[in-house]
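Data block below; observations after.
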């Protein structure tokens, strides 16, 4: 099925470890995003890539890095995980950055990360 | 700044009951408004949207009307089903093209 695929679905890390969350979309969308979802906080934007070759910080970028590997793939890296990064991470894509109001987002199913 | 406030959950209803989930917003200009739904174990899916005042978004029996005078976009459904059990998020796209999501309202429908 067409959509956004995230891996892994679950991960437990020790404080200080690093890891990369992978995201791929097969809808030929130009824009991709990483959100985190925390109880009582809604979704908060970490980083986004409006188009291939560009990345920009969102609302909560500290402690994360991203790579837009190609048009399909957008990865999120935690260089030194902290317990405050325990969250559910969602990757999303949209056809364009400026027309999100028309089509909205397509979301992946999420990665549940626990940092101990 | 722009923001979205939605009612606290969780909400538990019997099948065929009427559903209202309140959402109010703060924004400058004329934002677009959305409801997303997240079924267990899945990502968020766009449920409905409205892009200007007095527009009504509708999908799968759900409706929401963009009320500029009350800055609201309440989600309603006349008769809920067990399959509607999910978390519902209100969201706003500002005139500056930023998205703001509410905290989510969990709905459980019991047979």
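Miscellaneous remarks
- Here residue B:36 meets the list (1) more than 9 Å from chain A (Cβ to nearest Cβ); (2) part of a strand (DSSP E or B) almost entirely, failing just condition (1).
- Residue in the stretch A:41-50 that is assigned to a loop (DSSP other than H, G, I, E, B), out of contact with any strand residue (DSSP E or B) (no Cβ under 6 Å at 6 or more places or on another chain) and modelled with pLDDT under 90 present: yes
- Sole exception among (1) closer than 24 Å to residue A:109 by Cβ; (2) more than 14 Å from every other protein chain (Cβ to nearest Cβ); (3) outside any loop (DSSP other than H, G, I, E, B) for residue B:80, by number: (3)
- Residues (more than 9 Å from chain B (Cβ to nearest Cβ), part of a strand (DSSP E or B) and within 12 Å of residue A:110 (Cα to Cα)) located in the stretch A:1-23: A:5, A:7, A:10, A:11, A:21, A:22, A:23
- The set of residues from the stretch A:64-116 being in contact with a strand residue (DSSP E or B) (Cβ under 7 Å, 6 or more places away or on another chain), part of a helix (DSSP H, G or I) and within 14 Å of chain B (Cβ to nearest Cβ) comprises A:100, A:101, A:103.
- The number of residues in the stretch B:87-111 that are more than 13 Å from every other protein chain (Cβ to nearest Cβ) and under 26 Å from residue A:109 (Cα atoms) comes to 4.
- If the condition is being surrounded by 13 or more Cβ atoms within 10 Å (Cβ to Cβ) and out of contact with any helix residue (DSSP H, G or I) (no Cβ under 9 Å at 6 or more places or on another chain), then the stretch B:22-38 contributes B:22, B:23, B:24, B:25, B:26, B:27, B:33, B:35, B:36, B:38.
- For the stretch B:1-21, a residue qualifies if it is part of a loop (DSSP other than H, G, I, E, B) and buried (at least 16 other Cβ atoms within 10 Å of the Cβ), and the qualifying residues are B:2, B:7.
- For the stretch A:24-47, the tally of residues that are facing another protein chain (nearest Cβ under 10 Å) and surrounded by 13 or more Cβ atoms within 10 Å (Cβ to Cβ) stands at 9.
- Top-ranked residue in the stretch B:40-57 [being out of contact with any strand residue (DSSP E or B) (no Cβ under 6 Å at 6 or more places or on another chain) and more than 7 Å from chain A (Cβ to nearest Cβ); ranked as nearest to residue A:90 (Cα to Cα)]: B:40
The values are calculated or read from the model by the stated rules, or taken from the named source; none is laboratory data. Every value quoted in this text rests on a predicted model; they were computed, and no experiment measured them. Note that we place each Cβ from the backbone using ideal geometry, even for glycine, and neighbour counts take in every protein chain shown.
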